[in-house]
Amino acid sequence: MSAGTIALLVSQLATAAVAAFLAIVLWSRTRDLAWMLIVIGVIASYAYIVFDLLGRLGIVDEERFKLLGLPVGRIILSNLNFAFLIAALVVMIRRKRLQ
């Protein structure tokens, strides 16, 4: 890996770690479903960055689990954060509609 790639990965890992930490702090202070889904989405985003880093370092073998020739772990983790954010937005939209 080049120095630029390493710097990018370290910066992504650091910012995602701070975001995940703050999300967990928020999670402990709120019981609102929409906010909890957003927190889970942030944590899922951090999990994807860690998974990507482990794959690039050769610790995780993505080729082992494939579905239709595509790595299942990468597909799930790359879309999981957006799925939770979509769910949070749907909860907020429904909540605002019922008022």
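Every read-out reported here was derived from the displayed coordinates using simple, explicitly stated rules and does not represent laboratory data. Predicted model only: the values in this text are computed from it and were never measured. Virtual Cβ from ideal backbone geometry, glycine too; neighbours counted across all protein chains shown.
Structural descriptor for the chain: relative contact order 30 percent, calculated from alpha carbon pairs under 8 angstrom and at least 6 residues apart.
When the Cα positions of 25, 73, 58 are compared along the charge dipole of the stretch 3-98, 25 comes out farthest toward the positive end, with charges on each C-beta of Lys, Arg, Asp and Glu. Taking the C-alpha atoms only, the angle from helix 3-29 to the longest principal axis of the chain is near 30 degrees.
Counting neighbouring beta carbons within 10 Å and listing from fewest to most, the residues 96, 66 come out as 96, 66. Of the listed values (i) 50; (ii) 34; (iii) 54, grab the one calculated as percent of Cα pairs over 20 Å apart from the structure here. Given (i) 50; (ii) 34; (iii) 54, the structure-derived one carries the label (i).
What is the stretch 19-77 by shape, rounded, prolate or oblate, if you read a ≥ b ≥ c off the alpha carbon gyration tensor as root eigenvalues and call it rounded for a/c under 1.5, prolate for a/b larger than b/c, and oblate otherwise?
On the way: a/c = 5.12, a/b = 2.19, b/c = 2.33.
In terms of gyration-tensor shape, oblate.
Using 20 Å as the cut-off for backbone N distance, which residues of the stretch 39-63 belong to the label zone defined by a point 7 Å from the Cα of residue 22 along Cα→Cβ? Hits in the stretch 39-63 for residue 22 at 20 Å: 39-50. Using Cα atoms only, what is the angle between the long axis of helix 33-56 and the major principal axis of the chain, expressed in degrees (0 to 90) to the nearest 10? Between helix and principal axis, roughly 0 degrees. The dipole here belongs to the chain: it is taken about the Cα centre, uses +1 on the Cβ of Lys and Arg and -1 on the Cβ of Asp and Glu, and is about 560 debye. Of all the options 41, 69, 58, the one that moves most in a Gaussian network model of the chain with Cα springs shorter than 10 angstrom is 69. Near residue 58, once Lys and Arg are set to +1 and Asp and Glu to -1 for all other residues with Cβ below 13 Å from its Cβ, the sum equals -2. Taking the stretch 71-99 and a reference point 7 angstrom along Cα→Cβ of residue 33, the backbone N atoms nearer than 15 Å belong to 84-99.
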